[in-house]
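The values are calculated or read from the model by the stated rules, or taken from the named source; none is laboratory data. Since this is a predicted model, take the numbers as computed values, not measurements. We place every Cβ from the backbone using ideal geometry, glycine too, and count neighbours over all the protein chains shown.
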Amino acid sequence: MKLYSKPGACSTADHIALQWTGQPFDLQVMTAEDMKTPEYLRINPTGAVPAIVDGEFVLTQNAAIMGYIADTYPQAQLAGDGSPQQRAQAARWLAFVNSDLHPAFHPLFGPARFIGDETQFDVVRETARKRLRGLYETAEKQLQGRDWLAGFRSFADPYFYITLRWADRTGVDLSGLPNIAAFKARMESDAGVRAALTTEGLA
């Protein structure tokens with residue numbers, strides 16, 4: 001299995017998940033320029049990461065890739081213990097990160113996509129930060145008494161962790177959220193997380 005990842009993008013979450021499987025994999029670290037080359041566009045015509053190639057099989061979209069990693073390496077239990085309930089819980093929190101948290105950052109990364117008036121960019125960004133604060137408060141409640149979002153370590157956790165790195169970079173207020181702070185520290189002390197960050201030049 002080969003993963004195409006851009007350092008610090010959501011694809012780094014897939015890299016962490018692969019580290020957690022303990023199985024060998026290939027990694028291609030991409031730049032923005034690499035993602036627009038004809039060679040990569042044949043793999044992912046949208047010119048985005050992540051993408052994986054597993055033999056003749058090509059897959060894009062982060063949530064789908066996380067599920068594929070979990071199903072390919074079930075011994076890692078990234079979707080739980082094999083029960084429908086645990087898989088559903090893991091998928092629920094993956095969906096929260098993929099469908100709620102990640103898109104909420106888009107106004108911070110590119111406000112021009114939401115409003116043409118440059119004088120209003122700061123307003124758009126501040127509105128996004130307030131929305132993100134509310135979403136993180138939801139995660140804070142979920143982490144009360146738990147080490148991991150689903151109650152067990154799952155494929156939701158690396159993705160959530162990557163958004164916390166984005167939050168630090170974009171000025172999202174995470175103060176007064178001790179459960180999230182503990183989660184972030186837990187992730188940063190994890191050997192698989194450290195290996196992924198080091199390989200991608202993020203450590």
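Of the helices (runs of 4 or more DSSP H) lying entirely inside region 1-118, those containing at least 2 residues that are within 25 Å of residue 131 (Cβ to Cβ) are 11-21, 62-72, 84-95, 106-109.
Give the residue that is farthest from the chain's Cα centre (by Cα), with candidates limited to residues of region 119-148 that are assigned to a loop (DSSP other than H, G, I, E, B) and not polar (S, T, N, Q). Result: 145. Among the residues examined, residue 46 qualifies as out of contact with any helix residue (DSSP H, G or I) (no Cβ under 8 Å at 6 or more places or on another chain) and at pLDDT 95 or above. When 91, 95 are checked against the criterion of being crowded, with 18+ Cβ neighbours inside 10 Å, farther than 21 Å from residue 193 by Cβ and in the same structural domain as residue 127 (by TED's automatic domain parsing), 91 stands alone in meeting it.
Return the only residue of 167, 182 being assigned to a helix (DSSP H, G or I), at pLDDT 95 or above and surrounded by fewer than 16 Cβ atoms within 10 Å (Cβ to Cβ).
Every option except 182 fails the conditions.
Here is a yes/no grid of residues against (1) within 14 Å of the chain's Cα centre (by Cα); (2) exposed (fewer than 15 other Cβ atoms within 10 Å of the Cβ):
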residue: 1; (1), (2): no, no
residue: 33; (1), (2): no, yes
residue: 67; (1), (2): yes, no
residue: 75; (1), (2): no, yes
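If the condition is being of a type in the set (S, T, N, Q) and loosely packed, with under 13 Cβ neighbours inside 10 Å, then region 98-119 contributes 99, 119. Looking across region 85-98, just one residue is of a type in the set (Gly, Ala, Ser) and free of Cβ contacts under 8 Å to residues at least 12 places away in the same chain, and that is 88.
A quick yes/no check of all residues on (1) of a type in the set (Gly, Ala, Ser); (2) touching a residue at least 24 places away in the same chain (Cβ under 8 Å):
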site: 103; (1), (2): no, no
site: 117; (1), (2): no, no
site: 121; (1), (2): no, no
site: 155; (1), (2): no, yes
site: 167; (1), (2): yes, yes
site: 173; (1), (2): no, yes
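Every listed requirement among (1) surrounded by fewer than 11 Cβ atoms within 10 Å (Cβ to Cβ); (2) more than 20 Å from residue 159 (Cα to Cα) is met by residue 81 save one, (2).
Give the residues of region 3-31 that are of a type in the set (D, E, K, R), surrounded by 15 or more Cβ atoms within 10 Å (Cβ to Cβ) and either under 20 Å from residue 71 (Cα atoms) or without any contact (Cβ under 8 Å) to a residue 12 or more places away in the chain (or both), sorted by residue number.
14
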